[in-house]
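What follows is a short report on a single structure.
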Amino acid sequence: MAKHKVLVVGSGGREHALCWKLSLSPHIEEVICAPGNSGIGMHARCVDVSADDIKGLAKLAEEEGVYLTVVGPEAPLALGIVDEFEKRGLRIFGPNSGAAQIEASKVFTKNLLDKYGIPTGAFQVFEDPKEAEGYIEYIDMPVVLKADGLAAGKGVIICQTKEAAKDALMRIMVNKEFGEAGKRLVVEEFLKGEEASFMAITDGKTTLPLATSQDHKAVFDGDTGPNTGGMGAYSPAPVVDPRLFDVTMEIIISPTIKAMEQEGVPYRGVLYGGLIIDNSQPKVLEYNCRFGDPEAQPILMRLKSDLFEVIEAAMEGRLHEIELEWDDRAAVCIVLASKGYPGPYEKGKEIHGLEEVKKMEDVFCFHAGTREEGGKFYTNGGRVLGVTALGDTIEDAINRAYEAVELISWEGMHYRLDIGQKALKYPTSRRDNTPKVGILMGSPSDMGIMNEAKKTLEELGIACEMHCISAHRSPELAAQYAKNARQRGIKVLIAGAGMAAHLAGALAAHSPLPVIGVPIDSSSLGGLDALLSTVQMPPGVPVGTVGIGKAGAKNAAILAAQILAVGDQGVQRRILSLKEAMRRRIEEGSKFKV
């Protein structure tokens with residue numbers, strides 16, 4: 001079997017994942033990475049040639065006798081690295097500069113999608129800041145402003161108010177915060193729904209979809225704060241069920257590949273679709289012309305097929321011969337960043353704990369911005385590490401990844417506590433789907449209020465059940481439910497009722513489980529009668545009582561979660577994340593600064 005040299009272009013966590021995966025192939029003699037980083041040096045020989053030095057990289061490939069070059073980041077693709085390599089007869093995997101416009105120009109992509117009827121949000125393009133400002137004044141909020149060109153994943157700003165939109169306009173077009181990327185501006189309809197990342201490898205004819213994933217762009221918990229290059233990812237993304245997977249290929253990915261060919265810019269390489277899913281219908285938010293970062297880390301951890309063989313088949317137009325093999329387990333990547341990222345940050349902080357993480361099974365620490373000196377690793381970038389773990393379910397992988405994260409430290413280390421949390425509302429993502437909280441209400445009319453408790457528990461990844469049981473109309477049923485709840489795995493009861501509001505007490509009288517009462521406003525007394533009825537329980541029948549109505553239902557769910565958190569570190573972490581997100585939303589909406 002012939003063995004080859006492979007060159008990987010780039011220096012981040014994605015490139016570390018690519019080098020690691022390629023180094024496992026029996027077809028590869030050596031992996032070279034330019035410029036790489038200290039962590040990548042464990043799996044490849046790093047050569048100090050910038051990813052933007054197209055001619056220098058081509059010269060390196062010629063001198064080293066490189067058989068195949070794989071490009072990680074988007075910038076060299078947009079600059080024409082594929083064009084230069086092909087002109088010299090060098091094999092390289094990725095789209096040429098014409099095809100790379102699908103990421104390099106948001107205007108190109110939006111016009112392409114519009115022309116070929118591929119689902120996306122409504123938009124307008126502006127080159128004059130004053131015209132853009134006039135349009136913003138006219139339209140409804142929220143809205144999304146996007147710098148046309150490459151901005152390292154940070155040139156997209158979601159604006160909730162006209163004031164915020166005008167500020168974003170100034171940042172992009174006037175202050176040129178993203179450089180020449182802001183010469184043109186896309187003002188886009190804000191699409192509601194859940195995001196997912198859908199990547200595929202294509203040879204221009206055959207398109208081979210990869211496992212689904214989901215990224216976390218915002219720097220802080222609860223998707224608050226400015227956008228980053230990505231603070232974590234997980235795979236698979238349960239929002240993309242098998243039906244939606246097929247629909248996405250049929251109405252989005254395959255038509256895009258055909259559209260590119262019809263436009264005279266045939267696409268070969270990795271096509272990354274950033275999707276928004278609403279009511280089981282996908283729309284395109286953006287396209288990228290390469291593997292996602294950090295999505296590549298969990299996806300490549302799950303890929304059992306030989307990546308070199310897949311890429312070579314794409315280079316030779318043989319993708320129809322390939323069938324990808326995947327690890328059935330889930331994977332989660334948590335990005336550890338420097339304090340201040342995505343703004344100014346310090347470098348040179350010593351990283352502790354990497355040796356301990358190395359001993360963990362099914363956990364890998366991908367280096368994104370590190371340097372090594374004297375056998376020690378130091379921070380050397382905004383995104384520093386991508387701690388990636390496998391688990392039987394997404395919940396298992398989340399817990400495993402955070403277990404590893406807690407072993408790592410450096411001065412100012414920052415990471416989100418809620419990576420993967422969105423997936424936990426899907427039962428397939430949890431290791432145990434037995435309901436832990438029983439939510440009961442005295443009347444069907446209470447459903448609108450008590451749904452707030454259910455929604456909050458689902459956001460916290462806690463399985464629950466809801467029933468309509470009245471302490472007055474069905475007292476035997478209430479007593480039976482309370483007596484049997486513990487044996488069925490229920491650990492906390494939440495009871496919502498109005499007026500006399502005896503439901504919480506009836507449950508507490510027949511169960512050793514903690515009971516939380518939610519007074520409901522269903523009388524002319526504004527819920528005060530229900531509040532007093534819920535609070536005034538006889539000795540030996542304790543009920544924890546929260547506020548009236550929806551706010552009370554939400555607090556009841558959080559209190560139930562805090563009770564469960566006593567024995568569950570995952571729930572503890574998710575509660576901390578929820579409270580951190582609430583704090584940041586208040587700060588973002590306040591003009592007062594400490």
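Quick note: the coordinates plus some simple rules give every number you see, no bench work behind them. Remember, predicted model here, so these are calculated numbers, not experimental data. Every residue, glycine as well, gets a Cβ built from its backbone with ideal geometry; the counts of neighbours run over all protein chains shown.
Values computed for the structure shown
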| read-out | value |
| --- | --- |
| Karplus-derived HN-Hα couplings along the stretch 142-152 (A = 6.51, B = -1.76, C = 1.60, θ = phi - 60°), whole Hz, x at Gly and Pro | x, 8, 10, 10, 10, 5, 4, x, 6, 9, 6 |
| Sequence ranges 335-342, 24-31, 183-190, ranked by mean other-Cβ count within 10 angstrom, highest first | 335-342, 183-190, 24-31 |
| Relative packing of peptides 70-78, 355-363, 113-121 - highest average C-beta neighbours within 10 Å first | 70-78, 113-121, 355-363 |
| Order by protection proxy (mean Cβ within 10 Å, highest first), peptides 436-443, 506-513 | 436-443, 506-513 |
| Charge dipole of the chain about the Cα centre (unit charges at C-beta), most positive-ward option of GLY56, ASN227, LEU503 | LEU503 |
| Nearest-20 debye value, the stretch 434-576 charge dipole, Cβ charges on Lys, Arg, Asp, Glu | 380 |
| Calculated FRET value between MET447 and GLU587, using beta carbons and R₀ = 35 Å, to 0.05 | 0.55 |
| Acute angle (nearest 10 degrees) that the helix 549-565 long axis makes with the longest principal axis of the chain, alpha-carbon atoms | 70 |
| Lys, Arg +1 and Asp, Glu -1 on Cβ, resulting dipole of the stretch 181-270 about Cα centre, debye, nearest 20 | 320 |
| Computed E for LEU525/ASN175 - FRET, C-beta separation, R0 56 angstrom, nearest 0.05 | 0.50 |
| The stretch 369-414 versus the stretch 555-588: alpha-carbon centroid distance in Å | 23 |
| Whole-Å distance, taken between Cα centres, linking the stretch 217-275 and the stretch 44-79 | 26 |
| Anchor LYS55: lysines whose Cα lies under 29 Å away (excluding residues fewer than 8 positions away in-chain) | LYS3, LYS5, LYS21, LYS87, LYS106, LYS154, LYS176, LYS183 |
| Furthest towards positive pole of dipole, PRO95, LEU477, LEU271, structure part the chain, Cβ charges | LEU477 |
| Net charge of Cβ neighbours under 11 Å - reference HIS216; Lys, Arg +1; Asp, Glu -1 | -3 |
| FRET efficiency estimate (nearest 0.05) - Cβ-Cβ, GLN572 to GLU30, R0 60 angstrom | 0.85 |
| At 1.306 mPa s and 10 °C, Stokes diffusion of the stretch 329-426 via Kirkwood alpha-carbon radius, µm² per second | 116 |
| Where only C-alpha atoms are counted, convex hull volume of the stretch 4-93 per residue in Å³ | 75 |
| Packing-based exposure ordering (other Cβ within 10 Å, fewest first) of HIS502, HIS472 | HIS472, HIS502 |
| 45 Å tail of the calculated P(r), the chain, as % of Cα pairs | 24 |
